[in-house]
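The values are calculated or read from the model by the stated rules, or taken from the named source; none is laboratory data. Keep in mind that this is a model prediction, so the values were computed, not measured. Note: ideal-geometry Cβ built from the backbone for every residue, glycine included; neighbour counts use all protein chains shown. These area figures cover heavy atoms from the full protein model, side chains too; ligands, DNA and RNA do not enter into them. Shrake-Rupley method; radii C 1.70, N 1.55, O 1.52, S 1.80 Å.
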Amino acid sequence: QVQLVESGGGLVQAGGSLRLSCTASGRTLSTYTMGWFRQTPGKEREVVATISRSGITTSYTDSVKGRVTISRDNAKNTAYLQMNSLKPEDTAVYYCNARIRGLPGTQPVDYWGQGTQVTVSS
């Protein structure tokens, strides 16, 4: 089992930048697909970005494309989310996710961090 701890959230003005980090312990991160999700009160958690185990393949939700970069350093057991040109609508709790394939015929297994608050003021 892997434990995830996010950091780097905070309050920033619109147009500013933040870099979120997700550090894993318990298992090596290189065996997990990583992702960043966000959630606001009353809404479902939504995916922001994902990155493959090797770091070669990334994906982004449309609303953050061109402003956000997901990356990982498997040697440091850490994933990152660099967010630039932040907007008030980016305000949310951001969660780190680690996903590993399950046994054949079973669902993948997800692990979550505790979340870090990002607040963007206008």
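Give the residue, chosen from 50, 106, that is in a strand (DSSP E or B) and either modelled with pLDDT under 95 or surrounded by 15 or more Cβ atoms within 10 Å (Cβ to Cβ) (or both).
50
Buried (at least 18 other Cβ atoms within 10 Å of the Cβ), at pLDDT below 95 and within 13 Å of residue 4 (Cα to Cα), is that true of residue 24?
yes
Tell me, which residue of the stretch 63-87 that is within 15 Å of the chain's Cα centre (by Cα) and of a type in the set (D, E, K, R) is surrounded by the most Cβ atoms within 10 Å (Cβ to Cβ)?
Out of the qualifying residues, it is 72.
Out of the residues in the stretch 84-103 meeting the condition of being of a type in the set (D, E, K, R) and part of a loop (DSSP other than H, G, I, E, B), tell me which one is farthest from residue 32 (Cα to Cα).
Restricting to residues being of a type in the set (D, E, K, R) and part of a loop (DSSP other than H, G, I, E, B), the top hit is 87.
Can you tell me which residue within the stretch 18-29, out of those that are of a type in the set (Gly, Ala, Ser) and more than 15 Å from the chain's Cα centre (by Cα), is nearest to residue 95 (Cα to Cα)?
Looking at the filtered set, the residue picked out is 25.
State yes or no: is residue 90 among the acidic types (Asp, Glu), surrounded by 13 or more Cβ atoms within 10 Å (Cβ to Cβ) and closer than 23 Å to residue 122 by Cβ?
yes
Among all residue pairs at least 6 apart or on different chains, which show Cβ distances below 6 Å where the first residue, located in the stretch 20-36, is farther than 11 Å from residue 111 by Cα and the second is part of a strand (DSSP E or B) and open to solvent by 50 Å² or more (accessible area, probe 1.4 Å)?
21/7; 23/5; 25/3; 26/3
Quick one: residue 97 ticks every box in (1) among the polar types (S, T, N, Q); (2) closer than 16 Å to residue 28 by Cα; (3) open to solvent by 40 Å² or more (accessible area, probe 1.4 Å) except a single one, so which number is it?
Of everything listed in (1) among the polar types (S, T, N, Q); (2) closer than 16 Å to residue 28 by Cα; (3) open to solvent by 40 Å² or more (accessible area, probe 1.4 Å), residue 97 misses just condition (3).
In this structure, is residue 45 open to solvent by 60 Å² or more (accessible area, probe 1.4 Å) and either touching a residue at least 60 places away in the same chain (Cβ under 8 Å) or farther than 14 Å from residue 91 by Cβ (or both)?
Details: open to solvent by 60 Å² or more (accessible area, probe 1.4 Å): yes; either touching a residue at least 60 places away in the same chain (Cβ under 8 Å) or farther than 14 Å from residue 91 by Cβ (or both): yes.
Answer is yes for this residue.
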